[in-house]
Every structure is written in structure tokens, then in C-alpha cells.
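Trainee: Have a look at the structure that comes next, please.
Taken together, the values in this text are just the output of simple stated rules run on the coordinates, not laboratory data. None of these values were measured; they are calculated from a predicted model. So basically every Cβ, Gly included, is an ideal-geometry build from the backbone, and we count neighbours across all protein chains shown.
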Amino acid sequence: MAESGEKIVPPTSAPDDVLRVEHITKSFGPTTALRDVNLHLRKGEVLGLLGDNGSGKSTLMKIICGFQKQDSGQMFLHGEPFEPKSVDDARAQGIDTVYQDLALVDELSVYHNMFLRRERVRVPIPLLNNALMRRETRKALDDIGINIPRLDVPVARLSGGQRQAIAVARTVSGEANILLLDEPLAAMGAKEGGMILELIQRLKEKGEVSVMMILHNYAHVFATCDRVNLLQDGVIALDKPTSETSVEELNEIVVEEYRRARQAAIAEDAAARAAASSSSQ
Amino acid sequence: MAVASGSEVPAQSPPEGPASTGRALGGGALKLIRSFLTLREGSIIVVAIVTTAYFSTNATNFATLSNFKTLLPYFAPLAILGAGEVFVMINGEIDLSIGAVYLLSPFVFYKLNQAGIPLVPAVILSLIVSSLVGVINGFFVAVIGISSFVTTLGMLFTLDGLTLIISHTAPVATPGTSALHVNSFAQVFGGGTYSELIWALVIVVGLQLVLTATRWGVYTVAVGGNRLGSAEAGIRVRLVLIRNFVLCATCAGLVGILEAVRAVTATPDPSGSNDILFQGIASAVIGGTLLRGGSGTVVGALIGALFLGVLHDGLIIKGVSANYLDLYLGLAILIAMSVNVYVQRVRTGSGLG
Ligand SMILES: Nc1ncnc2c1ncn2[C@@H]1O[C@H](COP(=O)(O)OP(=O)(O)OP(=O)(O)O)[C@@H](O)[C@H]1O
Ligand SMILES: [Mg+2]
């Protein structure tokens, strides 16, 4: 829990918050991933979530999308308490996710992956409607501008970037109005990455979809995000509109943290050495 | 699953050999062979045909209707067992208790009938008991988290023991059957000459359809291929696993009853049922289903069973001494599987499939 010195106040709620996260904590055995996370997502905005490796960004997303359960804390969706019972449940309420590991099945075809858990079936006998899924997959990929020549090959045969494009297209082409994207550009070439960012820009212009995106590349952050949140030590250490911050400031915070940690380590080391030398005398 | 459609494969020069061979075969025939080999079952079909052709020309009386009839009870039960096992194996699990369920279910059927329950309802109830074994297997694997190898091994011994207890280690006459006359109940449930074959074909075709053309099939492949990713996508992994253990155990229970009706008696012989277990798994594996999960076919299991049946029957007709039978069978499986793997490698190596 947060020590008394740094009590964290939840961000003041605005009427157009689609999602609010309050005092979320999550531990994995001895590892505390999230200590006291408070964050909010406005309607139609793109929020960039930054933080070091292992700072708990993915964990936070998995809690919001119903894949994991927080230890404590609450969430609110459109002002109502939000306790997703499963990924399906969160999806039914309009939240969909691109996972960092992409959640693709190598053995399944491109279009079966595209519609995983949202398969189109015929009526009255629920047999897979492969023709329809193939067609809609082609359309979704064309919309983004990603070229994947054959949709019936297993995704194991595709490149890393193509796989990522499928994962992103799958989430974005669904019905969700809150998109959680965990490093959606990690494996993308410059051109394809640009296409995804353009797609997000287009969604933003429509104003219906809110996006929370984990990114490591500051250039992408400043190109796309309206606001940034920095996750550090299990809390949101910075929450600013992108226009009011800069690469320098973000760098400074991260480096400052690193410096503090190093100094603490050096001090500890020195203290230990002093203790050792005094005891040996 | 994901069998590539017959769409055009970019023309490639043959990997080796005189180009004239390819031309002599003709474009159409070549294309046919290629699209055939893109089938996952393609290679085992080739192996099965070659084996059948060998015995047809080298063993008198092999290619006859009466021999086909003696072959049937050998391979039809294996095809059904293999079909159920394929679903569990695509999930990346294994069910070692199918032999024990096969052993138990006719005794459950017998006891229920003795208790006054009519034949067909007693069959249905025995299948429900078998499916409960699947529920228990699935529960231990998917919920408790014990490996399926250990879980179903435990179940194997438990059910073998249970069968010995309830049968008092004595064979019983299968209800509704008589050695003198095959009535209509027996006709349907394994006693008729083609009864088991029809059951096998219906089940194999039905389950292949489930595997390739329904959500159940997609989720089965997904859970076997990427369990974490499947869960992240929202697939209820535990449910998929339990469902497939239930399917597998129910198939085994049905085979137990069909065989007991065909043989007119049920014998509590665990070593015989262990043989059945291994042959059922062998059918699935020979048919192209991977032990590591994510891939497999039900039709392949049928052909795998057919291959085992042809081999067994052919060796007997050739007059191979009983002592040598298992040895030859084992070696033949190894050789056939090597050819199978080689053909598959050629197929994927040349960009087919
Ligand atoms: N399922 C799990 N079991 C145990 N520990 C976990 C689990 N998931 C995450 N953790 C731990 O929680 C912490 C946060 O992990 P998380 O994946 O959320 O980090 P991240 O910010 O997404 O990092 P990255 O930038 O590398 O993706 C890490 O210390 C990690 O080891
Ligand atoms: Mg992460």
C-alpha cells in the first residue's frame, strides 16, 4: 500500500470518462505489480501508457479486459461499477484487447484467427461460415492497408509484422468502443506501423472509440496520443496531456528514477561496507 | 484443420530427377497428386494403399469379401476409439483410460439390465456413466491441473479395479444377445456384420465435421495450439478440455458395448483392454495426429486403424506365427511412420500444403 507521505488522489472524475480505475492493486506472490493505480480514459481520446519493462502495464490492461482480477480497487465503466467476470464479459461491454503476445493460434488460418471467439456461423445449423469470415477478413485488412496474400494459410507461416497486423485488425474491426492495445507496433515495419497509427487517428476523428495504448517509442506517443500516463513503482507517476510534456521531460522522469535507484543501491552498499569494516575492527 | 484449399500453388521446378518425368505424368495428374499430398492424411493413405496392394498380390484370399468381413471387427472399434482420442490429442493431452472405459462399460450395461432397465435405456445410461469418467478426467486435468498422462493412468487402474470388483472376475453373457440368433437389438449395437463399420463411419464423418466446421473444432485446435492465447481471446479453455475428455470416454464406452454385443459375452480382461488402448492411440498417431497437440484429423485415425487392421490380418493370412505377429506389427508401424514422416517432409519442403 502507498506510504503516508505519498497519498495518491484519484483523478477528478469528468463526466465524459468512459473508464475509471481506482486504487487497483495486484501482486503475483512476492512481486507487487500494481501498488495503487488510478487512471481514467475520456471518450474519444488516445491515452498512451508508458513505463519500464516489468512496471505492470500489461497487468493493468489484463485487469481491465477481464483476463485477470485485481486484488483490490474498483473500476467504473461509463460511471457504473465495472467488474468483468471474463474476457467475454468485458468484450460484451465494449472492451477489446490486443495482447502483447498477440493471442494468435499458429495452427489456425488467418481468418480463423481474425474471428477467434467471434466466429461467424450459419443458421440454423451452426457450421462455420468460412466464406463470410474470409471476405470480412480481407476487407478489414484492406481497410488498414496491410497486404496478406493468402488468408487460408496457418498464421505460423506469416512474418512477425503480419501477425501483429492481424491481431490489431482483429480488435479494431470488432464492435468495441474501448480498445486496449499492448505495444501494437512492436514488430511492425515503418510503413505498416504508420498505417496502424493512421488507423487509430481515423478512429479518433470519429470520436466514438477510446484507446489506451502501451508504447515504448516516444515518437509514436507524440504522434498519436492525446495524453500520457507513466506507470512507475506500481502507481501512475505522471498524467499529462501530450501537448504539455516533452520527450525531455519523460526521459528525465525515467532517468531520474533510475538515478535514484542507483544512488539508493550505492548508499546501501556503502552502509553495508561501513558496517562490515566497523565490525571487523 | 486448415487443410489448404485447392487454390493454385505457384509452379515450381521439380526438386530433382529428369524433368521429362514430370512432363510425362501430365499437368493434370501432377496437380492431382500434389493436391492429394496436401491433405494431412495423404501420406498415411499412400502407406495404407501400398500395404493393401502388397497383401492383395502376395497373400491368397486377402482381397476377398469374406476376408474384409473378418477385418471389420478389428479396425472399426479402433477407428471409433481413435476418433475420440484425436480430440484429446489435438488439445495437447492424452487419454490412457479409454481401454479401461471400454472394459467397464459392458459390465455397467449388464448390471443396469439386471436391475430391470430395458436394453436401449441401459445402453444410454452406460454411455452416460462413461461420459462421467470423461468429466472426472477433464476436471482433474483442467481444474486441478494434474497432467492428463497421470490423471488418466490413475483412472485406468481405478476402472480396471472397479471392473474386476463388480464382475467378480467372471465373464457375463451380454444382455440382449444370444449365440444362436442375432436379434434386432444386437443387429444395431455391434452384432450385425456391418454394424460396427456403420457406427465407425458415422462417428468418423460426424466428428470430422465437428473438427473442421464448428466452433468446437476451432477451439479444440486453438487450445492445443496456444492455450494462453486461447484464454486471452476469451475461449473457455477448461470447458473445451472437459468436453473433449467426455467425447473420448463416451466413444470408448460405446466401443465396449459394441464389442461385448458382437462377442456375445463381456470378459473382464484388463490386459486385453490395454492392448485396445494402445492400438486406439496408435491409430490416431499413425493417422497424422500430433502428440504435442494443435493438429490432427479424425479421418486419419480411421485410416490409421484400417492400416493396423490390414497389417494384422495380412500377416495372419501370410501364415506368420503368432509369436512373431507383434514383432512384425511393431516393425511395420515404425517403417510406415518413417515413410509417413518422409512424405510429409517432402510435401512441406516443396512448399505444398
Ligand atoms: N502471470 C504472472 N505470474 C507472475 N508474475 C507476473 C505475472 N504477470 C506479470 N508478472 C510480474 O508482474 C510484473 C509486471 O509485469 P507486466 O507484464 O505487467 O509488465 P509490463 O509493464 O507489461 O512490462 P513489459 O514492458 O516488459 O511488457 C513483472 O514483475 C512480472 O514479472
Ligand atoms: Mg507488457
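Trainee: Check each of the GluC sites (Glu not before Pro) in region A:208-278 and keep only those in coil by DSSP with at most 16 other C-beta atoms within 10 angstrom; list them in order.
Mentor: Within region A:208-278, the qualifying GluC sites (Glu not before Pro) (loop, at most 16 other Cβ atoms within 10 Å) are A:Glu208.
Trainee: So, one more: Could you work out the longest stretch of chain B that avoids the GluC sites (Glu not before Pro) located in DSSP loops with at most 14 other Cβ atoms within 10 Å?
Mentor: Result, exposed sites excluded: B:17-353.
Trainee: While we're on this one: In terms of Cα to Cα distance under 20 Å, which aspartates and glutamates are near enough to B:Lys318, apart from those fewer than 8 places away along the same chain?
Mentor: Within the straight-line cut-off, B:Lys318 pairs with B:Asp326.
Trainee: Mind checking the dipole of the protein assembly as shown: about its Cα centre, +1 per Lys or Arg Cβ, -1 per Asp or Glu Cβ, Debye to the nearest 20?
Mentor: The dipole magnitude comes to about 1760 debye.
Trainee: Here's another thing I want to ask about it. Rounded, prolate or oblate for chain A? Axes are the square roots of the Cα gyration tensor eigenvalues, ordered a ≥ b ≥ c, and the cut-off for rounded is a/c under 1.5.
Mentor: prolate
Trainee: Here is a further query. With +1 on each Lys and Arg Cβ and -1 on each Asp and Glu Cβ, how big is the dipole of region B:44-348 about its Cα centre, in debye rounded to the nearest 20?
Mentor: Dipole of region B:44-348, to the nearest 20 debye: 580 debye.
Trainee: Please tell me the relative contact order of chain B in percent, rounded to the nearest whole number, where contacts are Cα pairs under 8 Å and at least six residues apart.
Mentor: Once normalised by length, the contact order is 34 percent.
Trainee: Give the shape of region A:134-192 as rounded, prolate or oblate, defined through the alpha-carbon gyration tensor: a ≥ b ≥ c are the square roots of its eigenvalues, a/c under 1.5 means rounded, and otherwise the shape is prolate if a/b is larger than b/c and oblate if not.
Mentor: It comes out oblate by the Cα gyration axes.
Trainee: Another question, then. Among the aspartates and glutamates, which have Cα under 19 Å from the Cα of B:Lys111 when same-chain residues fewer than 8 positions away are ignored?
Mentor: By straight Cα distance, B:Lys111 reaches B:Asp160, B:Glu259, B:Asp269.
Trainee: Based on alpha-carbon positions alone, could you give the equivalent ellipsoid semi-axes of the protein assembly as shown from the gyration tensor, as √(5λ), descending, whole Å?
Mentor: 56, 31, 24
Trainee: Note down the nm distance, to one decimal, between modelled labels 7 Å out along Cα→Cβ at B:Ala115 and at B:Ser271.
Mentor: Calculated label separation equals 3.3 nm.
Trainee: Report the relative contact order of region B:244-305, percent, no decimals, based on alpha-carbon pairs under 8 angstrom and at least 6 residues apart.
Mentor: It comes to 24 percent, rounded to a whole number.
Trainee: Provide the per-residue ³J(HN,Hα) series for region A:237-250, in order, calculated from phi with Karplus coefficients 6.51, -1.76, 1.60 and θ = phi - 60°, each as a whole number of Hz, with x at glycine and proline positions.
Mentor: Per residue, the Karplus-derived 3J(HN,Hα) values read 8, 8, 9, 9, x, 4, 5, 9, 10, 8, 4, 4, 5, 4 Hz.
Trainee: Tell me the label-point distance for the pair A:Asp239, B:Leu209, using the 7 Å Cα-to-Cβ offset, in nm and rounded to one decimal.
Mentor: With each label placed 7 Å out from Cα toward Cβ, I get 5.6 nm.
Trainee: Name the residue from B:Val150, A:Ile236, B:Phe55 whose Cα lies farthest towards the positive end of the charge dipole of the protein assembly as shown, charges +1 on Cβ of Lys and Arg and -1 on Cβ of Asp and Glu.
Mentor: Sorting the options by dipole projection puts first B:Phe55.
Trainee: Restricting things to alpha carbons, find the Rg to Rh ratio for region B:44-348 using the Kirkwood radius for Rh.
Mentor: Result: Rg/Rh = 0.97.
Trainee: Between B:Val264 and A:Asn147, how many nm apart are label points set 7 Å from Cα along the C-beta direction?
Mentor: 7.2
Trainee: Return the lysines within reach of A:Lys69: Cα separation strictly under 16 angstrom, same-chain partners fewer than 8 residues apart disregarded; answer none if there are no such residues.
Mentor: Straight-line reach from A:Lys69, under 16 Å: A:Lys26, A:Lys57, A:Lys85.
Trainee: From the residues B:Leu302, B:Leu290, B:Leu81, which one has its Cα farthest along the dipole of region B:44-348 in the positive direction, the dipole being from +1 and -1 charges on Cβ of Lys/Arg and Asp/Glu about the Cα centre?
Mentor: B:Leu290
Trainee: Where in chain B is the longest stretch that carries no trypsin sites (Lys or Arg not before Pro) classed as loop by DSSP and with at most 15 other Cβ atoms within 10 Å?
Mentor: Formally, the longest exposed-site-free interval is B:1-291.
Trainee: Mind listing the long-range amide H neighbours of A:Ser246? Cut-off is under 5 Å, sequence gap 5 or more, other chains count too, H placed in the peptide plane at 1.01 Å from N.
Mentor: Under 5 Å from the amide H of A:Ser246 lies no amide H from a residue far enough along the sequence or on another chain.
Trainee: In terms of the Cα gyration tensor, with a ≥ b ≥ c the square roots of its eigenvalues, is region B:161-217 rounded because a/c is under 1.5, prolate because a/b exceeds b/c, or oblate?
Mentor: oblate
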